[in-house]
Each structure stands twice: as structure tokens, then as C-alpha cells.
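Working notes for the structure below.
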Amino acid sequence: QVLLVESGGGLVQPGASLRLSCTVSGGTFNRYAMAWFRQASGKEREFVAVINLSGLITNYADSVKGRFTVSRDNAKRTSDLLMNSLKPEDTAVYYCAAGIGRSRDEDDYDYWGQGTQVTVSS
């Protein structure tokens, strides 16, 4: 059984930074791509970022490219999402997910965290 737990969400002002962390228990962590998705109120869940098994390859949604950085530490079994220059449009529940490959499709991820709220407001 694989369990993912996100942490680090909160309320911040526009332009601030926030670091989200996902801790994975169970499974073979270094066999999974780690992805981040988000879902704003009234909207569908959307892809944010993904990092491959080794951490050498990353992909980002255009809306966050240049502002967000996804990373992983296979020894610690964690994935982090560093969010810089946050905008009100980034307000959403953020989820981490584990799966095979590095797809942008949420259906390709078998394991999901509970989500953590990020609110960007002045």
C-alpha cells in the first residue's frame, strides 16, 4: 500500500513563495514519477508539474513555468514543489501523485495525496 501526504499549504500574499512537500510511504519510491496537480474552486483538476524517477527530467504547465520548481529526494522518499512569485490565479488545492512514467494525464497516476490548500490573496 502506498500513502502520500502533502504539507506546506497556506495563505500568502501575491509575489510570495511557498514550498509544498509530499512524503511517500510504502511502494518502491524510485520506480514512480512524482507529479503535482491542482484544482481551483469550480474548475477541473489540472496538471502542474512532474519529475521522473531519477529526478533528471521535469515538465511544467505553461502557467507555472519559470515560477515553480519540482524536485525529489529518493533517499527521503519526498517530492517538493517550490512555488515562487505566486499569483491569485494559483489559488487551489494542490495534490501530489505517484505513477509510472511522467505523464500529464491524471489517469496515469495510481496514488494520490489528500491535497493541501494554497490561497494567494492580498
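Computed quantities for the displayed model
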| quantity | calculated |
| --- | --- |
| Qualifying residue in the range 53-62 (condition: under 19 Å from Ser7 (Cα atoms) and open to solvent by less than 30 Å² (accessible area, probe 1.4 Å)) | no |
| Pairs with Cβ under 7 Å, 6+ apart, first in the range 47-65 and of a type in the set (S, T, N, Q), second open to solvent by less than 40 Å² (accessible area, probe 1.4 Å) and part of a strand (DSSP E or B) | Asn52/Ala33; Thr58/Ala49; Thr58/Val50; Thr58/Ile51; Thr58/Val70; Asn59/Ala49; Asn59/Val50 |
| Residue list for the range 64-97, filter: out of contact with any Lys or Arg (no Cβ under 9 Å at 6 or more places or on another chain) and of a type in the set (Gly, Ala, Ser) | Gly66, Ser71, Ala75, Ala97 |
| Residue list for the range 96-122, filter: open to solvent by less than 40 Å² (accessible area, probe 1.4 Å), assigned to a strand (DSSP E or B) and over 16 Å from Leu11 (Cα atoms) | Cys96, Ala97, Ala98, Gly99, Tyr109 |
| Test result for Phe29, at pLDDT 95 or above and either open to solvent by less than 60 Å² (accessible area, probe 1.4 Å) or farther than 18 Å from Val5 by Cα (or both) | no |
| Tabulated pairs, the range 67-78, first closer than 15 Å to Glu6 by Cβ and free of Cβ contacts under 8 Å to residues at least 60 places away in the same chain, second of a type in the set (A, V, I, L, M, F, W, C) and part of a strand (DSSP E or B), C-beta under 6 angstrom, 6+ apart or interchain | Phe68/Ala49; Phe68/Met83; Val70/Ala49; Val70/Ile51; Val70/Leu81; Arg72/Met34; Arg72/Ile51; Arg77/Val24 |
| Count - residues of the range 73-95 that are open to solvent by less than 50 Å² (accessible area, probe 1.4 Å) and either under 13 Å from the mean Cα position of the chain (by Cα) or at pLDDT below 95 (or both) | 10 |
| Pairs with Cβ under 6 Å, 6+ apart, first in the range 32-43 and in contact (Cβ under 8 Å) with a residue 12 or more places away in the chain, second basic (Lys, Arg) and open to solvent by less than 70 Å² (accessible area, probe 1.4 Å) | Met34/Arg72 |
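The values are calculated or read from the model by the stated rules, or taken from the named source; none is laboratory data. The shown structure was predicted, so the numbers you read here are calculated from the model rather than taken from an experiment. Neighbour counts run over all protein chains shown; Cβ positions are idealised from the backbone, glycine included. What goes into the accessible areas is simple: the full protein's heavy atoms, side chains included, and nothing from ligands, DNA or RNA. Shrake-Rupley method; radii C 1.70, N 1.55, O 1.52, S 1.80 Å.
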